[in-house]
Amino acid sequence: MTAAKKQLAPRDNGAPDHMKMLHPAMEKNYGKWKRHDKIRPGVLKYTAESGDAIFVVRAGSPRTLSVNKIRQICDIADRFCEGHVRFTTRNNLELVVTDEKDVDPLINEITSVLGFPIGGTGHSISNMLHTQGWMHCNLPGTDAAGAVKALMDVLHEEFTREDLPHRVKLSTSCCQINCGGQADIAINLQHHHPPKIDHGTVQQCELPKVVGICPAAAIRPMNVDGKSSLEVVEEKCMYCGACHGQCPSMEIRDPDTDSLAIWVGGKSASTRGGPSFMKLAAFGLPNNPPRWPEVADAVRRILDAYRNGAREYERIGEWIERVGWKNFFEETGFEFTKYHIDSYRFARTTFNTSSHVRL
Ligand code: SF4
Ligand code: SF4
């Protein structure tokens, strides 16, 4: 090895090597798992070709955790799981034990010390994914974390039992940029007006970037009172709010008119029908903290109709495609309007065309 190579700094970007973080039993049997069994809601058993078995206990977490709560999780992981803990993409906490006798004491610790419910496996709702919201983002039109808390208070029994036709993934996004991604049921905040431009402060933004970020090419430069500024071609604007993320002087949020919409039928998995985009089910629901009762009622209606009408192993989008959207609207009681028809004329060929591939 040359002297120059020895001086290189350790790699400090990109995904870390996950093999170093696996529970020893998982590392030993990596890629050699023979089967998995659902023991009961929230507990999975994985059996390896070697005969080794691990038991995975899954619990719902609130995603945003205090240092104290993280210390409690680590303490439980040290005592039961050889110091290993992991989170799923939907913020479920997963703890792994190798002896079935440890499952019940572990569940007792999780429920009594952490206060987390056990579940989220099999034919249940997932722990609800929510976006960063006010914690990290400058765009939110609602409190995604608060809406999740209110909804899971209403729906948590769907998390702890497995009696739905198939898995239902839920997400909440606090704007139409939709960091929450595709989900079987997604709650998104919608704006209803083009951004209002503050011509006195907009120069602090990089104006070409603001023009360039608009997916509808609705923003163009203009001169206002001798100063560089911008204008929005309102006919083209679809109120997405991307420009507000680039420039705070493009104010898109409006507490009087912002409302919540529910989208259904999205999924990223390649199973059966392949990945699919969500479609609009209901809109204009009031942004009504702290409990968002209108949104909770709408989600409950979708879940009830799905439970009654879907065949086993049909995801929500697959159920709707089979019975037809007309029946979906009749079963859920949502009103079908002209706004449910995608007639937007300014879409460019560079729009995303799949939930997997970003073009
Ligand atoms: S959904 Fe929108 S407002 Fe919420 S975190 Fe993502 S970009 Fe920010
Ligand atoms: S809200 Fe979206 S579509 Fe409208 S001007 Fe801003 S970036 Fe363009």
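Points worth noting:
- Amide H to amide H distances under 5 Å link residue 281 with 262, 263, 264, where only residues 5 or more positions off or on other chains count and H is placed in the peptide plane.
- Residues 56, 154, 210, 113 arranged by fewest to most Cβ contacts within 10 Å: 113, 154, 56, 210
- Here is how the number arises for the chain: DSSP H runs of 4 or more residues each give -39500 (n - 2.57), the sum is divided by the residue count, and the result at 222 nm is -7500 deg cm²/dmol.
- Only Lys, Arg (+1) and Asp, Glu (-1) charged, at Cβ; segment 20-114 dipole about Cα centre in debye: 440
- Segment 41-146 - Debye-derived log10 I(q)/I(0), Cα point model, q = 0.15, 0.22 Å⁻¹: -0.67, -1.20
- Compared with the dominant Cα axis of the chain, that is its longest principal axis, helix 144-160 is turned about 40°.
- Here each label is just a point 7 Å from Cα along the line to Cβ, and for residue 74 and residue 13 those points are 2.8 nm apart.
- Estimated FRET transfer efficiency (residue 40, residue 270; beta-carbon r; R0 25 Å; 0.05): 0.35
- Modelled FRET efficiency - R0 30 Å, residue 234 with residue 294, Cβ distances, 0.05 increments: 0.55
- Longest stretch of the chain clear of exposed loop sites (GluC sites (Glu not before Pro), DSSP loop, at most 14 other Cβ atoms within 10 Å, sites excluded): 83-205.
- Translational diffusion coefficient (Stokes-Einstein; Kirkwood radius from C-alpha pairs) of segment 172-266 at 10 °C, 1.306 mPa s, in µm²/s: 113
- Charge-dipole axis of segment 130-226 as Lys and Arg at +1 and Asp and Glu at -1 on Cβ define it, positive-most pick from 150, 219, 175: 219
- Partnerless Cys - the chain, beta-carbon criterion under 4.7 Å: 74, 81, 137, 174, 175, 179, 214, 237, 240, 243
- The residue 89 and residue 336 beta-carbon pair, evaluated with R₀ = 35 Å, returns a calculated FRET efficiency of approximately 0.60.
- Under a 5 Å amide H cut-off, with hydrogens placed 1.01 Å from N, residue 237 pairs with nothing among residues at least 5 apart or on other chains.
- Amide H contacts of residue 231 (H built 1.01 Å from N, under 5 Å, at least 5 apart or other chain): 220, 222
- Electrostatic dipole magnitude of the chain [Cβ: Lys, Arg +1; Asp, Glu -1; Cα centre; debye, to 20]: 1060
- Convex hull volume of segment 196-251 per residue (C-alpha atoms, cubic angstrom): 67
- Cα-based values for the chain, radius of gyration first and Dmax second, are 23.6, 77 Å.
- Sequence-ordered 3J(HN,Hα) estimates for segment 171-179 from the Karplus curve with 6.51, -1.76 and 1.60 and θ = phi - 60° stand at 8, 10, 10, 8, 7, 6, 4, 6, 4 Hz, glycine and proline given as x.
- Across segment 239-253, coupling constants 3J(HN,Hα) worked out from phi with the 6.51/-1.76/1.60 Karplus curve, θ = phi - 60°, read 6, 6, x, 4, 5, 5, x, 7, 8, x, 6, 9, 6, 9, 6 Hz, and Gly and Pro carry x.
- As a rough footprinting exposure proxy, the listed residues 96, 202 were ranked by other beta carbons within 10 Å of their own, and the order from fewest upward is 202, 96.
- For segment 280-305 versus segment 112-152, the inter-centroid distance based on Cα atoms is 15 Å.
- Segment 189-201 - phi-based ³J(HN,Hα) in whole Hz, Karplus 6.51/-1.76/1.60, Gly and Pro as x: 7, 10, 8, 10, 9, x, x, 8, 9, 8, 5, x, 10
Every number in this text was worked out from the coordinates using simple rules, so none of it is lab data. In this text the structure is predicted, and so the values were computed from the model without any measurement. Note: ideal-geometry Cβ built from the backbone for every residue, glycine included; neighbour counts use all protein chains shown.
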